[in-house]
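These notes are about the structure you will find just below.
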Amino acid sequence: MAGTLYVVATPLGNLGDLSPRAADTLKRVAAVAAEDTRHSKPLLHHVGSKAELISFHEHSSDRALERILRILTEGRDVALITDAGTPAISDPGVDLVAAARERGVPIVTIPGPTAVAASLAVCGIPADRYLFLGFLPRKGSDRRRLLSTAAASEWTVVMFEAPNRVTQLLADLAEACGPERQAAVSRELTKVFEETRAGTLQELSAHYAEAPVRGEVTVVLSGTGKQRVEEPPPDAGERAKALLAEGLSRKDVAHRLAEETGISRNTAYKLVSEL
């Protein structure tokens, strides 16, 4: 009989937030799959866990995944943890959970801290419905598409961002949404220098341009409050002909088609080349 994969939420920073159930689970499993073993060693020491610590992150090989699955299929329990908060949320742990589910391994959640809920709770922006976008791509059409999605969302939008890129994100959001859209920036949640600052995108952008952010960051953007009316994508063939008539190169036309219609770039190139 297979062991159980426990998906264990760990503190965002304050060890006092570790639940008794989570501590007990970490002590009794055979192995712990952790995003950063150096970061997780103090936590396991804190609870007195002697479990085998296995590195599992976004750059891990298939061999690492198979090693964990082998432990489970041998009938031993494994706990999955991330650096902070709940695993599998903007986290490579989702691959392990999916693979374990495919193998018929029992999966149990040990709920607890998550930066999404923590930031929504203290920002003062409605959270009865919200859209979570995780980390936005650093550049390119995917970033522009998600910025547009955030700007048009009827509901509150939650994003994660690296501290050195928060200023750029706020500036891009101000351009996409308008400078007066309300937002909030939470950093170092549950830690000594915890801060949540709310205001307009213009105010927040100006503040963090002068006061660089440190620590983990969550950005909450208020929604429009208005239902988005979806327009059907333009006919790709007709749109391609119109863009070619404007004098754009085939490469530029394919790029525009992919952005405007949502078709893949390869499909767009093929369509344009056939015209």
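The values are calculated or read from the model by the stated rules, or taken from the named source; none is laboratory data. In this text the structure is predicted, and so the values were computed from the model without any measurement. Cβ: placed from backbone, ideal geometry, glycine included. Neighbour counts: every protein chain shown.
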* Assess whether Val213 counts as being of a type in the set (A, V, I, L, M, F, W, C), touching a helix residue (DSSP H, G or I) at 6+ places or on another chain (Cβ under 6 Å), modelled with pLDDT of 95 or more and more than 25 Å from Gly262 (Cα to Cα). => no
* Would you please list the contacts, defined by Cβ atoms under 7 Å and residues six or more apart or on different chains, that run from a residue in segment 17-41 that is free of Cβ contacts under 8 Å to residues at least 40 places away in the same chain to a residue that is surrounded by fewer than 14 Cβ atoms within 10 Å (Cβ to Cβ) and in a loop (DSSP other than H, G, I, E, B)? => Lys27/Gly48
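Which residues, counting only those in segment 210-229, are assigned to a loop (DSSP other than H, G, I, E, B) and within 13 Å of Thr156 (Cβ to Cβ)?
Correct list: Ser222, Gly223, Thr224, Gly225.
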* Any chance you could count how many residues in segment 118-163 are assigned to a helix (DSSP H, G or I), loosely packed, with under 13 Cβ neighbours inside 10 Å and not acidic (Asp, Glu)? => 2
* To do: Only residues that are within 18 Å of the chain's Cα centre (by Cα), aliphatic (A, V, I, L, M) and surrounded by fewer than 15 Cβ atoms within 10 Å (Cβ to Cβ): list them for segment 74-116, please.
  => Val94, Ala98
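Please verify whether Val185 is surrounded by 14 or more Cβ atoms within 10 Å (Cβ to Cβ), under 30 Å from Thr82 (Cα atoms) and free of Cβ contacts under 8 Å to residues at least 60 places away in the same chain, treating the condition exactly as stated.
Considered against the rule, which asks whether it is surrounded by 14 or more Cβ atoms within 10 Å (Cβ to Cβ), under 30 Å from Thr82 (Cα atoms) and free of Cβ contacts under 8 Å to residues at least 60 places away in the same chain, Val185 comes out as yes.
Quick one: is Glu175 more than 20 Å from the chain's Cα centre (by Cα) and under 30 Å from Thr25 (Cβ atoms)?
Judged against the criteria, Glu175 is not a match.
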* To do: Kindly indicate whether Arg63 is surrounded by fewer than 16 Cβ atoms within 10 Å (Cβ to Cβ), more than 21 Å from the chain's Cα centre (by Cα) and within 18 Å of Gly3 (Cα to Cα).
  => no
* For segment 15-33, state whether one or more residues are outside the structural domain of Phe160 (by TED's automatic domain parsing), modelled with pLDDT under 95, crowded, with 17+ Cβ neighbours inside 10 Å and not charged (D, E, K, R). => no
